[in-house]
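*Asks:* The structure that follows is given in the form of structure tokens.
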Ligand SMILES: Nc1ncnc2c1ncn2[C@@H]1O[C@H](COP(=O)(O)OP(=O)(O)OP(=O)(O)O)[C@@H](O)[C@H]1O
Ligand SMILES: [Mg+2]
């Protein structure tokens, strides 16, 4: 297909759009190389001192590790729940499947603050406040809707005739699932995993509600840091986070691209 | 696939002397499918012999696919029985039915190679590696796809994908091969080739085949027997010749082959069409539908005298269409317009509109159906 020429007006508009979205990054990057003790823009001198400071900040590193572990676990459990749940709801279509799907994805529509408050009350009752279990469950509640949506959509676009063909060739429902459905669903699963990971990794509000001395995620730790001090350390951390997120997205995109070439 | 015959007799024997139909290798007995109020398939009875090639032919929505999917077990029947080789399969799930189904959309496994697709059914049957590889090689040769074993389905043309689908269904040596409009996504030339090829392979392997189509040419040229369906019911079952020469209902007469259709009043062995009286070979009385095949009418410029049993009408050519192998005329005779077809002979005789002509056909080519009240 020939690409249509893009009008200059559209180009200018697009450029402004990008500028608006990227402006924070454009300011944060120079700021992270600042040599000043306080955040000021433009910096009076440049150095790597704040990157080095991150390396020496045990609290921040602990929080980062905790966030990665939390997001990974949340992702794995999400997929383990979302794949069978979508399969049951889409393929078996029990009575009220639509209602169940709406219920499971409802947290997407609730303001996080409402959800946070509700979870705070529930977790406090259950004695899970400020525990890893508590924060894990909270993250699961907000990320599952994403995983479920993505996988359910992917599943509903798979041609059912292919699964039927496998059945007529002698494959039991279990074999059909593992040999046919699951491989064809892989791109959807990878996308859902990436989304779960990033949403969990990025989550601030719920983590603030659930956090405690042993269970502080990276965004919360950064938030606390900014509250007490105004040095450019946060800028350096932000740049590292952007790079980390970008890496995740690129890895996913690559594997998704790969998956596409062998599925389509 | 032959071993089913022996199981057939073994299993069928104790049941003993079953009366009337139900003796086919595949036997559908009062098979029905209802979707809430709507009856998609209505008490279909059909017996198919081993090695037979039977087509289900009918207009869109008449229940062909639903019937086929019930045989495969992909749709649960609402009533009736499906018996194969004496064994009642009605409640058996599809993966234990041992049938090969070729889908209109091919439904190949996109994440597997050609060889992987074909091997799948054999792997599900737990055959040994060497056995699988032998049979896959054999099947690939059968559908002439040598050298393309490692391609993905997306890297094949439509015709090649069709062949993979066929090989995949045949390699398991199914008791019955089911095909749902397998040729409808191919272009005309390839469709002709595949018709012959499917029929050849089916004959060579002796596979029993049920072929769904809405294309009457396909049904007539490929099948041992054709089942014409309409509104979920069987209109008529018979050889292609039966259906064409001896249609039992006006629907079959007009659906299979082209036809002139008039309504009139039957008076014994003749029918009054407006002011015209034509002769027929069947006894009928009262209001009737009358059909005459366009190519059974002879068109001539001379005023041929009526011979015994012959119908003769004179008329005027209103329109002439040249269709390569055929000349098609619209001829006005009295107040009736006849379509007439004549094979082109290369001699270049084409009658211009306005020519006065004589139409004649024999009495047995006048098909008369008493109109149902
Ligand atoms: N799942 C379903 N729910 C309700 N009605 C259905 C369902 N599947 C099929 N039908 C109806 O049953 C009738 C027969 O459908 P079927 O697919 O067997 O037709 P067909 O003869 O194969 O037609 P075509 O030549 O268009 O493929 C149609 O009127 C269709 O609308
Ligand atoms: Mg159909």
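*Asks:* Quick check: is even one residue across region B:180-192 at pLDDT 95 or above and away from ligand 1 (no atom under 16 Å from the Cβ)?
*Replies:* No, region B:180-192 contains no residue that is at pLDDT 95 or above and away from ligand 1 (no atom under 16 Å from the Cβ).
*Asks:* Also, I was wondering about something else. Can you tell me which condition residue B:39 does not meet? The list is (1) farther than 22 Å from residue A:161 by Cβ; (2) in contact with a helix residue (DSSP H, G or I) (Cβ under 8 Å, 6 or more places away or on another chain); (3) within 11 Å of ligand 1 (Cβ to nearest atom), and all the others hold.
*Replies:* That leaves (2) as the condition not met.
*Asks:* Okay, next question. Of (1) modelled with pLDDT of 95 or more; (2) within 16 Å of ligand 2 (Cβ to nearest atom); (3) within 14 Å of another protein chain (Cβ to nearest Cβ), residue B:109 satisfies all except one. Which?
*Replies:* Here residue B:109 meets the rest and fails (2).
*Asks:* Restricting attention to region B:319-355, which residues are modelled with pLDDT of 90 or more, assigned to a strand (DSSP E or B) and over 20 Å from residue B:257 (Cβ atoms)?
*Replies:* If the condition is that a residue be modelled with pLDDT of 90 or more, assigned to a strand (DSSP E or B) and over 20 Å from residue B:257 (Cβ atoms), then B:319, B:320, B:332, B:333 are the ones that fit.
*Asks:* Is it the case that some residue within region B:115-127 is surrounded by fewer than 16 Cβ atoms within 10 Å (Cβ to Cβ) and not assigned by TED's automatic domain parsing to the domain that holds residue B:44?
*Replies:* Yes, region B:115-127 contains at least one residue that is surrounded by fewer than 16 Cβ atoms within 10 Å (Cβ to Cβ) and not assigned by TED's automatic domain parsing to the domain that holds residue B:44.
*Asks:* Ok, one more. Here are some conditions: (1) within 20 Å of residue B:176 (Cβ to Cβ); (2) not in a helix (DSSP H, G or I). Residue B:108 meets all but one. Which one does it not meet?
*Replies:* Only one criterion in (1) within 20 Å of residue B:176 (Cβ to Cβ); (2) not in a helix (DSSP H, G or I) is unmet by residue B:108, namely (1).
*Asks:* Also, quick follow-up: From B:163, B:168, B:135, B:144, grab the single residue that is away from ligand 1 (no atom under 16 Å from the Cβ) and not in a helix (DSSP H, G or I).
*Replies:* B:144
*Asks:* Residues in region B:41-96 that are assigned to a loop (DSSP other than H, G, I, E, B), under 22 Å from the mean Cα position of the chain (by Cα) and closer than 15 Å to residue B:24 by Cα: how many?
*Replies:* 4
*Asks:* Name the pairs: first residue in region A:242-264 and away from chain B (no Cβ under 14 Å), second residue exposed (fewer than 15 other Cβ atoms within 10 Å of the Cβ) and at pLDDT 80 or above, Cβ to Cβ under 7 Å, at least 6 apart or on different chains?
*Replies:* A:242/A:25
*Asks:* So, in region B:46-67, how many residues would count as being surrounded by fewer than 15 Cβ atoms within 10 Å (Cβ to Cβ) and more than 8 Å from ligand 1 (Cβ to nearest atom)?
*Replies:* 1
Here's the yes/no breakdown for (1) at pLDDT 85 or above; (2) outside any helix (DSSP H, G or I); (3) touching a strand residue (DSSP E or B) at 6+ places or on another chain (Cβ under 8 Å):
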{"site": "A:3", "(1), (2), (3)": "no, yes, no"}
{"site": "A:19", "(1), (2), (3)": "yes, no, no"}
{"site": "A:61", "(1), (2), (3)": "yes, no, no"}
{"site": "A:66", "(1), (2), (3)": "yes, no, yes"}
{"site": "A:74", "(1), (2), (3)": "yes, no, no"}
{"site": "A:78", "(1), (2), (3)": "yes, no, no"}
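*Asks:* Take the residues in region B:150-160 that are more than 14 Å from chain A (Cβ to nearest Cβ) and in a helix (DSSP H, G or I), then tell me which one is modelled with the highest pLDDT. Give the steps one after another, and end with the answer.
*Replies:* In the first step, residues of region B:150-160 are kept if they are more than 14 Å from chain A (Cβ to nearest Cβ); the result is B:157-160.
Restricting the remaining residues to those that are in a helix (DSSP H, G or I) gives B:158-160.
Working: B:158: 88, B:159: 88, B:160: 92.
Among those residues, the one meeting the criterion is B:160.
*Asks:* Moving on. Determine which single condition residue A:54 fails, assuming it passes every other condition in (1) over 30 Å from residue A:138 (Cβ atoms); (2) in contact with a helix residue (DSSP H, G or I) (Cβ under 8 Å, 6 or more places away or on another chain); (3) part of a helix (DSSP H, G or I).
*Replies:* Only one criterion in (1) over 30 Å from residue A:138 (Cβ atoms); (2) in contact with a helix residue (DSSP H, G or I) (Cβ under 8 Å, 6 or more places away or on another chain); (3) part of a helix (DSSP H, G or I) is unmet by residue A:54, namely (1).
*Asks:* Further question: Determine which single condition residue B:100 fails, assuming it passes every other condition in (1) surrounded by 18 or more Cβ atoms within 10 Å (Cβ to Cβ); (2) modelled with pLDDT under 95; (3) in a loop (DSSP other than H, G, I, E, B).
*Replies:* Status for residue B:100: all satisfied but (3).
*Asks:* Could you tell me which residue of region B:120-143 is farthest from residue B:193 (Cα to Cα), considering only residues that are more than 10 Å from chain A (Cβ to nearest Cβ) and touching a helix residue (DSSP H, G or I) at 6+ places or on another chain (Cβ under 7 Å)?
*Replies:* Step by step, filter region B:120-143, then rank; the result is B:132.
*Asks:* Cβ-Cβ distance below 6 Å, separation of 6 or more or different chains: which pairs start in region B:54-74 with a residue that is within 14 Å of chain A (Cβ to nearest Cβ) and end on one that is near ligand 2 (Cβ under 9 Å from one of its atoms)?
*Replies:* B:65/B:180; B:68/B:180; B:68/B:212
*Asks:* With the structure loaded, tell me whether residue A:174 is under 16 Å from residue B:109 (Cβ atoms) and within 14 Å of chain B (Cβ to nearest Cβ) or whether it fails that test.
*Replies:* no
*Asks:* Kindly evaluate residue B:87 against the criterion of being more than 30 Å from residue B:253 (Cα to Cα) and within 14 Å of chain A (Cβ to nearest Cβ). Let's see the steps before the verdict.
*Replies:* On the way: more than 30 Å from residue B:253 (Cα to Cα): yes; within 14 Å of chain A (Cβ to nearest Cβ): no.
Against the criterion (more than 30 Å from residue B:253 (Cα to Cα) and within 14 Å of chain A (Cβ to nearest Cβ)), residue B:87 does not qualify.
*Asks:* Another question, then. When you check residue B:223 against the structure, is it in contact (Cβ under 8 Å) with a residue 40 or more places away in the chain, away from chain A (no Cβ under 14 Å), under 15 Å from the mean Cα position of the chain (by Cα) and exposed (fewer than 15 other Cβ atoms within 10 Å of the Cβ), yes or no? Even if it seems obvious, please write down each step before you answer.
*Replies:* Working: in contact (Cβ under 8 Å) with a residue 40 or more places away in the chain: yes; away from chain A (no Cβ under 14 Å): yes; under 15 Å from the mean Cα position of the chain (by Cα): yes; exposed (fewer than 15 other Cβ atoms within 10 Å of the Cβ): no.
When the stated conditions are applied, residue B:223 does not pass them.
The values are calculated or read from the model by the stated rules, or taken from the named source; none is laboratory data. Since this is a predicted model, take the numbers as computed values, not measurements. All Cβ positions, glycine included, derive from the backbone under ideal geometry; neighbour counts span all protein chains shown.
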